[in-house]
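Below is one structure, written out as structure tokens, with a few remarks after it.
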């Protein structure tokens, strides 16, 4: 290296050190990254892309069979299984509030990501242990691990192309696809393993049946994810929050580990007891109010408008969460009892129907990203975020109308699987327009200093929606003793019709406030230069 190059490198290192010590997030625009030390945003994105593939592989494999495991293996009633899953899902989506804070202020986004992935893997190992006493502690571990992990990859992705809103929409849509590549494969494999009761392994007196072997697959997924991160983590080195660029403080790490261990025990009890779950969800809602109230306490009118828009989009995401929860509860039990298990001549189990969601998400993500890019190049520009969210709500209404339509066309209480194919197609496109853009929404609207916490609040709201979705699914609970398809079908049709009507009302309300949201989220108009 020549003297000038050495001087530039030393200057770059000094600037990064000053940024770190001052608490400034080291986040540069694309034009300065290469000068700052050879950063590669595309390679960094691929690292996060593959880590998310394996994390989602683990989570959705477990999720695909959990309600069925509780109903068919543990002998719980529909309503009890739905309530447990609702409480657990609420915690999984709410704990990122803590993970966002730890990533922003304590350990750094990259380190917290690794810690969360390790906790998730350990939780799946506990779930695979054939001891009933390990069931709720495993759920507590998974909720804590998900909380530490979930928000931090999104936070890192948002820093790759800071300030380019259209590119962030495209990037997060593709990134969202990664979540569903892993889950697509695991939802095929995990139920398939669980449906082989003759597959039994005995180790040290413990009998691992097909259900526990299936849960073990999720642990393997997290192992693969951590391995891929370890191999390519150098590409993420230029990106992160302030603590990522400072030496690790072992005392802080110890405090986080002790607090996490205590939290796992508390989370296990919350999932176990419904009254505790209701109380905690109420606390979640109060925290959301406090967080957004603090963000609104600013003298900058434009900043307040963006926070109000963030609140509106978060409420719409909560609505989406209620509907998404039906995939693992009412729609899976509906598929078990009232849908024919043959699709294109292939046997499809009840849990594997969930893969229709992942199939459509993967199939539609890239064309949708291409459409955003094409629209951005036109004089009109891309559709506004508010318009995309409203369209997503209309699609949710259509999806549940299609599920109910399958009931009207049923023969002997059995529904053609093609109604689920069509319904999942509409629901998945709606998800891409709401949930996938939630990451981009926070990246664009939240203050940089509080982005991780705001993204945590967004997850917190979705956690409340997930719990509400479990309660809604409980309304379709089939009383014990009813086994004929013609007897169980009306319970599901009733809930699907109400959900379709509710989504339509929310979509109309979103349409009504779209002009206001467009004004709040519009980019500032550059001042015209004064004539010389």
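Nothing in this text is a laboratory measurement; each read-out follows from the coordinates by a stated rule. It should be emphasised that the depicted structure is a prediction, and the values quoted were computed from it without experimental measurement. Cβ sites come from the backbone with ideal geometry, for glycine too, and all protein chains shown count toward neighbours.
Rounded if a/c is under 1.5, else prolate if a/b is larger than b/c, else oblate: which is region 273-383, with a ≥ b ≥ c the root eigenvalues of its Cα gyration tensor? Oblate, because a/c is 1.5 or more while a/b does not exceed b/c. The stretch between residue 508 and residue 230 holds 95.4 nm of extra length on full extension. This uses 0.36 nm per residue minus the Cα-Cα distance. Annotation for residue 483 and residue 449: the two label points, set 7 Å from Cα along the Cα-Cβ direction, are 6.5 nm apart. Between region 322-357 and region 191-257, the alpha-carbon centres lie 27 Å apart. Computing FRET efficiency as 1/(1 + (r/R0)^6) for residue 416 and residue 279, where r is the C-beta to C-beta distance and R0 is 30 Å, gives about 0.10. Rounded to 0.05, the FRET efficiency of the residue 72 and residue 315 pair, given R0 = 25 Å and the Cβ-Cβ distance, is 0.10. Relative to the longest principal axis of the Cα atoms of the chain, the long axis of helix 78-94 lies at roughly 0 degrees. Ranked by the mean number of other Cβ atoms within 10 Å of their residues, highest first, the peptides 358-371, 89-102, 274-287, 119-132 come out as 89-102, 119-132, 358-371, 274-287. Between region 78-102 and region 496-513, the alpha-carbon centres lie 25 Å apart.
For the chain, find the longest principal axis of its Cα atoms and tell me its angle to the long axis of helix 109-128, 0 to 90°, nearest 10. Roughly 20 degrees, rounded to the nearest 10.
Model label points for residue 387 and residue 272, set 7 angstrom from Cα along the Cα-to-Cβ axis, are 5.3 nm apart.
With a simple spin-label model that places each label point 7 Å from the Cα along the Cα-to-Cβ direction, the separation between residue 304 and residue 192 comes to 5.7 nm. Each principal axis of region 37-521 carries a Cα extent, and these read 61, 57, 41 Å when sorted largest first. Mean separation of Cα pairs under 8 Å and 6 or more residues apart, divided by the residue count, gives region 49-153 a relative contact order of 31 percent. Normalised by the number of residues in the chain, the mean separation of alpha-carbon contacts (under 8 Å, six or more apart) gives a relative contact order of 24 percent. The calculated 222 nm mean residue ellipticity attributable to helices in the chain amounts to -25000 deg cm²/dmol, summing -39500 (n - 2.57) over DSSP H runs of n ≥ 4 and dividing by all residues. Protection proxy ranking, highest mean first, for peptides 188-197, 323-332, 252-261: 323-332, 188-197, 252-261, where packing is the per-residue count of other beta-carbon atoms within 10 Å, averaged. Cα axis of helix 355-376 to longest principal axis of the chain: angle in degrees, 0 to 90, nearest 10? Taking the Cα atoms of the chain, the angle to 355-376 is about 30 degrees.
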